[in-house]
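Engineer: Have a look at this one before I ask anything.
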Amino acid sequence: MGEAKYNFFNKVSGAFTILLMLAFVIWLVAYYKEISYEKIFKGYSITDWFAVGFLLVSFLSYLLSSDHYMALNGYIDWNMGLIAQTIFVLLYFFVSRFGRFSRPILKWGMLTCFIVCLLAVLMRFGFDPLGMYDDISPADIEKFVSTIGQTSWYSSYAVLIYALGMFWYFDDNPDGLIGDILREQKVSEKVIHGINSFIYGLFVMVGAASIVTVNSDSAFVALTLIFMVLFWYGLESNEKFSRFLELAVLVFTTFRLVGLLQDMFPERLIEHVADTEAICQFLNHSTATLIIWIGLVVVYIAYRVGLHLSFDKLRRTYKFQVKKFVILRKIMVIAAIFVLWLVALLIILTTNHKLPASMSGMYNSGFFNFADAWGNHRGFNWKMAVVALNNASIKDLFVGVGPDCFSLAMSKYCNDLVSVYWHGQTLACAHNEFLNMTVTEGILGITAYLGMMISSASRLGRLAYKRPEAIGCLVIILAYIGHNFFCHQTCCSAPYVFIFMGIGESIIRKEKQSA
């Protein structure tokens, strides 16, 4: 399936690249008198330069690779070689220069994601309208879902578009599609906003249901980052914070509804060869989640009632302003840092058997015990990546073994260890995009790659107070970083993050031009 999807992606991207290059040449001819190369390069942002640097390092890594075919095309089924990396960077530059944040186009695109997510939920409950599970063994059924295929590939796609859907609900701006259509019919603004909320609320619930049924823990890292971003900007106004609370209620309501349906119709559930992920079980069935859901509902009702009571009818304003409580942002960041520190500490203590006797039961926890099998064998894969980096030559350390040539590094630096653990199978990636990129494109490659994402996110974060659409791009970038800390680049997700970095850059450039 991976090969088929890449072939489709490659052919479509190749065709559009040719068309875009022709359009670019026409643009150059039409405006050559106005073009100043000094202005072009002066207008380059830090994100642009990181993108250029990443492309140059990718080319250099390819040229110096011992397997030019693999470095060009990538490892079979993943196919994230030089061709893919070049397409991604070109996407970024074309979109950032000639694209824009088009609400109608982006909102129409949500329909596709809604269908993909709905299919995922239906298939997890034994309904297979497309017949994709015909003649498939139970062991394979649990690994594949919807039209995307492998569950981690699915979640890497779903969380990005889901992040955009959550932003649409949070933004509460019906312009561009629903609003335009209904305004032509003379529908009142209140009704338009209500219909808009219903449609994107439905999308949020279907998306949450798909995430909590596909058994991909990395999706919840992305979901946490999305909520943190929306909480941060929700504190900008009473209405935005209300939308944030509504999103939280919708998502946790969905988790509980999925758990209820699983209990009511156990015969409909697909057979799991492996156990259901602990996080999914916790969110769907635990008492703690029920308490969180009840708490969110109570807080939301109290918040709305409080707003109503604080409304000054004469001044037409609210006496209560949530913006006064921006200290909650600092509390959120401190809490996040503390949780990360605590998790890291527990992993270290559990792995090294240093826990007090009262906590010895945690030694049986697969989550905190960082052994080779940790995270569906990510523990071993990450260790091998570190071994390869420790033994790497100067060339491999700085520019890597070649784009998507992780298997070359394994055979070169830790072949015996990999062969014994994986019984002769090839280890094609680390299942951590950034660790993987460090091995395949070296320190220079990962610096440029992460620099591009972090600089884009940072600049969009500052602009988002003034231009809310920047939040839509920001949540996608952060969701991608969070999810792919436990996954690898795919043609189902990587193009989106480059496109939305490009859209974000376009927003920033237009804001500078209008200033």
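Read-outs throughout are calculated quantities, based only on the coordinates presented, and are distinct from any laboratory measurement. Here the structure is a predicted model, which is why all the values come from computation and not from measurement. Methodologically, a virtual Cβ is constructed for each residue, glycine included, from the backbone with ideal geometry; neighbour enumeration extends over all protein chains shown.
Engineer: Per residue, what volume in Å³ does the Cα convex hull of region 311-416 take up?
Structural biologist: For region 311-416, the hull spanned by Cα atoms encloses 241 Å³ per residue.
Engineer: Right, next: Taking the Cα centre of each part, how many Å lie between region 86-147 and region 278-342?
Structural biologist: Their Cα centres are 31 Å away from one another.
Engineer: Per-residue ellipticity at 222 nm for the chain, helices alone: DSSP H runs ≥ 4 residues times -39500 (n - 2.57), over residue total, nearest 500 deg cm²/dmol?
Structural biologist: -23500 deg cm²/dmol
Engineer: If Rh is defined by the Kirkwood formula over all Cα pairs and Rg also comes from Cα, what ratio Rg/Rh do you get for region 151-221?
Structural biologist: Radius of gyration over Kirkwood radius for region 151-221 works out to 1.11.
Engineer: Counting other C-beta atoms within 10 Å, which of Tyr363, Tyr162, Tyr133 has the fewest, and how do the rest follow?
Structural biologist: Tyr363, Tyr133, Tyr162
Engineer: Starting from the amide H of Ile270, placed 1.01 Å from N in the peptide plane, find each other amide H under 5 Å away whose residue is 5 or more places distant or on another chain.
Structural biologist: Distant-sequence amide H within range of Ile270: Gly126.
Engineer: Give the order of Asp48, Asp217 when sorted by the count of other beta carbons within 10 angstrom, beginning with the fewest.
Structural biologist: Starting with the residue having the fewest Cβ neighbours, the order is Asp217, Asp48.
Engineer: In the structure displayed, which of Lys42/Lys510; Lys330/Lys510; Lys5/Lys395; Lys324/Lys466 lie more than 27 Å apart, Cα to Cα?
Structural biologist: The pairs that break the limit, which is 27 Å between Cα atoms, are Lys330/Lys510; Lys5/Lys395.
Engineer: Related question: So if I average 1/r over every pair of distinct C-alpha atoms in region 384-442 and take the inverse, what Kirkwood radius in Å does that give?
Structural biologist: Answer for region 384-442: a Kirkwood hydrodynamic radius of 10.9 Å.
Engineer: Okay, moving on. What residues from region 486-515 fall in the zone where the backbone N is under 16 Å from a label point 7 Å along the Cα-to-C-beta line of Phe8?
Structural biologist: Residues passing the 16 Å test: 490-496.
Engineer: Decide, for region 213-363, between rounded, prolate and oblate: order the square roots of the alpha carbon gyration tensor eigenvalues as a ≥ b ≥ c, take rounded if a/c falls under 1.5, and otherwise choose prolate if a/b is larger than b/c, else oblate.
Structural biologist: Here region 213-363 falls in the oblate category.
Engineer: R0 = 35 Å: FRET efficiency of Asp67 with Phe338, Cβ-based, nearest 0.05?
Structural biologist: That pair, Asp67 with Phe338, gives E of 0.20.
Engineer: If a helix is a whole DSSP H run, which ones in the chain reach 27 Å or further along their own axis (Cα) and hold a mean Kyte-Doolittle hydropathy of at least -1.0?
Structural biologist: Going by DSSP H runs, the hits are 2-31, 103-124, 151-171, 189-211, 238-264, 287-309, 327-351, 433-463, 494-514.
Engineer: May I have the extent of the alpha carbons of region 194-285 along their three principal axes, as whole Å values ordered from largest to smallest?
Structural biologist: Here the Cα extents, ordered largest to smallest, are 47, 27, 17 Å.
Engineer: Just need log10 I(q)/I(0) for region 118-238 at q = 0.19 Å⁻¹, Debye formula, equal scatterers on the alpha-carbon atoms, no solvent, rounded to two decimals.
Structural biologist: So the normalised log intensities work out to -1.01.
Engineer: Can you tell me which of 353-362, 475-484, 385-394, 179-188 comes out highest on packing, and rank the rest after it, using the mean Cβ neighbours within 10 Å?
Structural biologist: My ranking of the peptides, most packed first, is 475-484, 385-394, 179-188, 353-362.
Engineer: In whole Å, largest first, what are the principal axis extents of the Cα atoms in region 432-484?
Structural biologist: So the extents along the principal axes, rounded to whole Å, are 39, 20, 9.
Engineer: Still on this structure: Tell me the Rg and the Dmax, in Å, that the Cα atoms of region 21-159 produce.
Structural biologist: That works out to 21.0, 64 Å for Rg and Dmax.
Engineer: Amide H of Gln150: which non-local residues (sequence gap of 5 or more, or other chain) have their own amide H closer than 5 Å, using H built in the peptide plane?
Structural biologist: Val145
Engineer: Taking a cut-off of 24 Å, what percent of all Cα-Cα pairs in region 408-515 are separated by more than that?
Structural biologist: 38 percent
Engineer: Could you tell me which of Gly375, Ala71, Phe398 has its Cα farthest along the dipole of the chain towards the positive end, charges placed at Cβ (Lys, Arg +1; Asp, Glu -1), taken about the Cα centre?
Structural biologist: Phe398
Engineer: Which of Val29, Trp293, Ser358 sits farthest toward the positive end of the charge dipole of the chain, with +1 on the Cβ of Lys and Arg and -1 on the Cβ of Asp and Glu?
Structural biologist: Checked the options; the winner is Val29.
Engineer: Ok, one more. For the residues Phe98, Phe93, Phe170, what sequence is obtained by ranking on other C-beta atoms within 10 Å, fewest first?
Structural biologist: Phe98, Phe93, Phe170
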